[in-house]
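So the structure is just underneath, and the comments pick up after that.
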Amino acid sequence: MAKVFKALGCGQRIRIVQMLREWEGIDTCCDGVLKAFTRMCDEIEVSRSTLSHHFKELENAGLIVCERQGQAMQCKVNEELLAKMKDFF
């Protein structure tokens, strides 16, 4: 849990998790993935490299799960972990 809370110690990462939950189910195949990534960069006002770093930190903490689909990555929030966090509190 310490790893999870450390990852969420950054407000931008919290916003990324919120955005991924809001956007779940929206078709993001092919060009949609790139557009979503660009939109996220614009909304939280970070560079692409910074956003990539945040994604990696969230993935390492288990908060998001990323799967490669061809050349694109599909990322979603680990709802099971969020449920465990809710039970923790």
Pair list, Cβ under 7 Å, 6 or more apart: the range 58-86 residue farther than 14 Å from R21 by Cα, other residue among the polar types (S, T, N, Q) and surrounded by 14 or more Cβ atoms within 10 Å (Cβ to Cβ) | G62/N78
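Could you tell me whether any residue of the range 63-79 is part of a helix (DSSP H, G or I), modelled with pLDDT of 80 or more and of a type in the set (V, I, T)?
No, the conditions are met nowhere in the range 63-79.
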Under 9 Å by Cβ, and 6 or more places apart or on different chains, what pairs join a residue from the range 3-22 that is assigned to a loop (DSSP other than H, G, I, E, B) with one that is open to solvent by 60 Å² or more (accessible area, probe 1.4 Å)?
-> L8/I14; C10/E57
Within the range 35-56, the residues that are of a type in the set (F, W, Y) and at pLDDT 90 or above are F55
Is it the case that E59 is at pLDDT 90 or above and exposed (fewer than 11 other Cβ atoms within 10 Å of the Cβ)?
-> no
When residues of the range 6-26 are filtered for being among the polar types (S, T, N, Q) and more than 9 Å from the chain's Cα centre (by Cα), how many remain?
-> 1
Only one of (1) at pLDDT below 90; (2) more than 13 Å from the chain's Cα centre (by Cα); (3) surrounded by 11 or more Cβ atoms within 10 Å (Cβ to Cβ) is not met by F89, so which one is it?
-> (3)
Conditions (1) within 23 Å of V4 (Cα to Cα); (2) out of contact with any strand residue (DSSP E or B) (no Cβ under 7 Å at 6 or more places or on another chain); (3) open to solvent by 60 Å² or more (accessible area, probe 1.4 Å); (4) at pLDDT below 90 -> K84 fails only (4)
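The values are calculated or read from the model by the stated rules, or taken from the named source; none is laboratory data. All values reported here derive from a predicted model rather than from experimental measurement. Virtual Cβ from ideal backbone geometry, glycine too; neighbours counted across all protein chains shown. Areas reflect the complete protein model, heavy atoms only, side chains present, ligands, DNA and RNA absent. Shrake-Rupley method; radii C 1.70, N 1.55, O 1.52, S 1.80 Å.
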